[in-house]
Amino acid sequence: MPALIITGSGARAGKTALAAGLLSRLTALGKQAALVRPAAARPGTQPGVTLVDGLDLTGGPYAARQLAETLDAGVIHVERYDNAQDPRALARALAPLQGRLAGLVLNQVPAYRHTHASRTVVPALQQTGLRVLGTIGEDRRMAAPTLHQIAEKLNAQFLLLPEKADNLVEHVMIGGWFLDEGRYVFSQRARKAVLVRGDRPDLQMAALETDTVGLVLTGGKQPVQYTVYHAETQEVPLVLTSLGTVEAMEQLQGIHSAVTVDHPEKSARFAELLDRAGAMDALLAAVGVVPAPAGA
């Protein structure tokens, strides 16, 4: 039974995202795989591939080393870009895992730091002997809340299509006074939720003509029947909050810090990001699904 332990330094490094992305790919390949927490990781308890997620190296790597030896497992470490600015310190922290460490994934690289990451950080890490499997940029979908999380934050209720509460919201827009035609303005963002007063059917209809995953009606005002009909036709949920539009937007400040990666679309998305980074083949090799590349 191949086993792979996913480690990281500190909270929100990307351990669960990487584990879920790899699990998504293994499942798509028809492989039996299980994702477990360290407390549940015991030899022989799961069929197929066992992915162990959640070991934080902030308190030291020795628990990970002991578990890896118990399970005869490899280790993949995921590190946030902003925590990898001292390659020698990171190499020292990971030294007890040598012999088990299959490689490192550098995660959450800001768009404006990709060049620095590839030309400076990655070579510096490699010079310490660490194998960098790939770099993952910041991604809006991975940071997206669900419509349910937005509604919960606004103490709002679903008026239509509550079964779509798990829709991911990659952008939030406000319906207001535009110099340009409303549909044109709303078309600038995809997979969005629109905050708009409940008594503005003109703006509601304009938003519904574009890629909108949820319409949040503010001010506690019920929508007109035509909006309800059109939203139902377009399969766009309607959410009602008593908050005003500006107050609702203020309430949503910082919501991204509370989102999780526990969502099927996010798992599939991280698998795509691993593909783009060229790291997926190395991860599949680490669990014995594909041959290890030459020189690895």
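The values are calculated or read from the model by the stated rules, or taken from the named source; none is laboratory data. This structure is a prediction, so every number in the text was calculated from the model and none was measured. A quick note on method: Cβ atoms are made from the backbone with ideal geometry, for glycine too, and the neighbour counts reach across all protein chains shown.
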- [ ] Scan the range 90-137 for residues that are surrounded by fewer than 17 Cβ atoms within 10 Å (Cβ to Cβ) and either in the same structural domain as residue 167 (by TED's automatic domain parsing) or of a type in the set (Gly, Ala, Ser) (or both) and jot them down.
- [x] 95, 99, 111, 118, 129
Task: Among (1) touching a residue at least 40 places away in the same chain (Cβ under 8 Å); (2) outside any strand (DSSP E or B); (3) more than 23 Å from residue 21 (Cα to Cα), the one test that residue 196 misses - done: (2)
Task: Subset of the range 97-134 [within 25 Å of the chain's Cα centre (by Cα), in contact (Cβ under 8 Å) with a residue 60 or more places away in the chain and outside any loop (DSSP other than H, G, I, E, B)] - done: 102, 103, 105, 107, 108, 133, 134
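Answer with yes or no whether residue 146 is hydroxyl-bearing (Ser, Thr, Tyr) and within 27 Å of residue 213 (Cβ to Cβ).
yes
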Task: Scan of the range 140-152 for residues that are surrounded by fewer than 18 Cβ atoms within 10 Å (Cβ to Cβ), out of contact with any Asp or Glu (no Cβ under 8 Å at 6 or more places or on another chain) and touching a residue at least 24 places away in the same chain (Cβ under 8 Å), ordered by number - done: 143
TODO: Count, please, the residues in the range 168-190 that happen to be touching a Lys or Arg at 6+ places or on another chain (Cβ under 8 Å) and under 27 Å from residue 266 (Cβ atoms).
DONE: 7
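Of the residues in the range 191-208, how many are acidic (Asp, Glu) and modelled with pLDDT of 95 or more?
Within the range 191-208, residues that are acidic (Asp, Glu) and modelled with pLDDT of 95 or more number 0.
One line per residue, one yes/no per condition, for (1) surrounded by 14 or more Cβ atoms within 10 Å (Cβ to Cβ); (2) closer than 25 Å to residue 139 by Cα:
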position: 157; (1), (2): no, no
position: 176; (1), (2): yes, no
position: 190; (1), (2): no, yes
position: 194; (1), (2): yes, yes
- [ ] Determine which single condition residue 262 fails, assuming it passes every other condition in (1) farther than 27 Å from residue 140 by Cβ; (2) in a loop (DSSP other than H, G, I, E, B); (3) among the acidic types (Asp, Glu).
- [x] (1)
